[in-house]
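The values are calculated or read from the model by the stated rules, or taken from the named source; none is laboratory data. Every value quoted in this text rests on a predicted model; they were computed, and no experiment measured them. A quick note on method: Cβ atoms are made from the backbone with ideal geometry, for glycine too, and the neighbour counts reach across all protein chains shown.
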């Protein structure tokens with residue numbers, strides 16, 4: 001007999017008790033190519049993670065959150081950087097070395 005995963009067991013117990021399980025956090029990708037973030041606007045849920053993937057051929061980029069004055073390390077072609085959003089809000093960002101590259105993550109409850 002195959003053993004069920006712990007998530008399946010927990011889900012079954014919560015269902016039996018009439019308790020809804022919290023939604024699982026998701027992961028979303030923003031691609032960086034041709035000096036642009038794609039998609040430029042991304043809507044996610046609280047607790048979700050966004051992964052920026054540098055698909056350029058020779059250029060490094062970063063993610064600089066404007067209001068928080070916080071910048072990621074630079075990441076090079078083929079590298080990625082991620083951030084988990086713990087609270088709702090509008091998070092506008094740009095590339096540190098290329099300020100013309102703009103994006104926004106809108107986090108909803």
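Which of the residues that make up the stretch 84-93 are over 11 Å from the mean Cα position of the chain (by Cα) and under 17 Å from residue 39 (Cβ atoms)? Reasoning before the result, please.
Keep residues of the stretch 84-93 that are over 11 Å from the mean Cα position of the chain (by Cα), which gives 87-93.
The answer is 90, 91, 92, 93.
Tally the residues that are touching a strand residue (DSSP E or B) at 6+ places or on another chain (Cβ under 7 Å) and without any contact (Cβ under 8 Å) to a residue 40 or more places away in the chain, restricting the search to the stretch 48-62.
Here is the first cut: in the stretch 48-62, the residues touching a strand residue (DSSP E or B) at 6+ places or on another chain (Cβ under 7 Å) are 48-56, 60-62.
Adding the requirement that they be without any contact (Cβ under 8 Å) to a residue 40 or more places away in the chain leaves 49, 51-56, 60, 62.
Qualifying residue count for the region: 9.
For the stretch 23-49, which positions are farther than 20 Å from residue 98 by Cα and either part of a strand (DSSP E or B) or in contact with a helix residue (DSSP H, G or I) (Cβ under 9 Å, 6 or more places away or on another chain) (or both)?
Filtering the stretch 23-49 down to residues farther than 20 Å from residue 98 by Cα leaves 23-28, 43-49.
Once the filter is applied, which keeps residues that are farther than 20 Å from residue 98 by Cα and either part of a strand (DSSP E or B) or in contact with a helix residue (DSSP H, G or I) (Cβ under 9 Å, 6 or more places away or on another chain) (or both), the stretch 23-49 yields 24, 27, 28, 43, 44, 45, 49.
Can you name every residue in the stretch 94-109 that is surrounded by 15 or more Cβ atoms within 10 Å (Cβ to Cβ) and within 13 Å of the chain's Cα centre (by Cα)? Outline the logic, then answer.
Initially, the stretch 94-109 is screened for residues surrounded by 15 or more Cβ atoms within 10 Å (Cβ to Cβ), giving 94-96, 98, 101-105, 107.
Of everything in the stretch 94-109, those that are surrounded by 15 or more Cβ atoms within 10 Å (Cβ to Cβ) and within 13 Å of the chain's Cα centre (by Cα) turn out to be 103, 104, 105, 107.
For the stretch 69-103, give me the residue count where each residue is out of contact with any strand residue (DSSP E or B) (no Cβ under 8 Å at 6 or more places or on another chain) and within 21 Å of residue 27 (Cβ to Cβ).
1
Tell me which of these residue 53 doesn't satisfy, since it passes every other one: (1) at pLDDT 95 or above; (2) part of a loop (DSSP other than H, G, I, E, B).
(2)
Which numbered condition trips up residue 81, out of (1) surrounded by fewer than 12 Cβ atoms within 10 Å (Cβ to Cβ); (2) under 17 Å from residue 38 (Cβ atoms)?
Unmet for residue 81, out of (1) surrounded by fewer than 12 Cβ atoms within 10 Å (Cβ to Cβ); (2) under 17 Å from residue 38 (Cβ atoms): (1).
Would the stretch 2-10 turn up any residue that is modelled with pLDDT of 55 or more and loosely packed, with under 15 Cβ neighbours inside 10 Å?
Start the filter on the stretch 2-10 by keeping residues that are modelled with pLDDT of 55 or more, which leaves none.
No, the stretch 2-10 has no match at all.
May I ask you to list the residues in the stretch 67-89 that are within 20 Å of residue 45 (Cα to Cα), in contact (Cβ under 8 Å) with a residue 24 or more places away in the chain and not in a loop (DSSP other than H, G, I, E, B)?
We begin by selecting, within the stretch 67-89, every residue within 20 Å of residue 45 (Cα to Cα); these are 67-68, 81-89.
Imposing the further condition that a residue be in contact (Cβ under 8 Å) with a residue 24 or more places away in the chain reduces the set to 67, 81-88.
Result: 81, 82, 83, 84.
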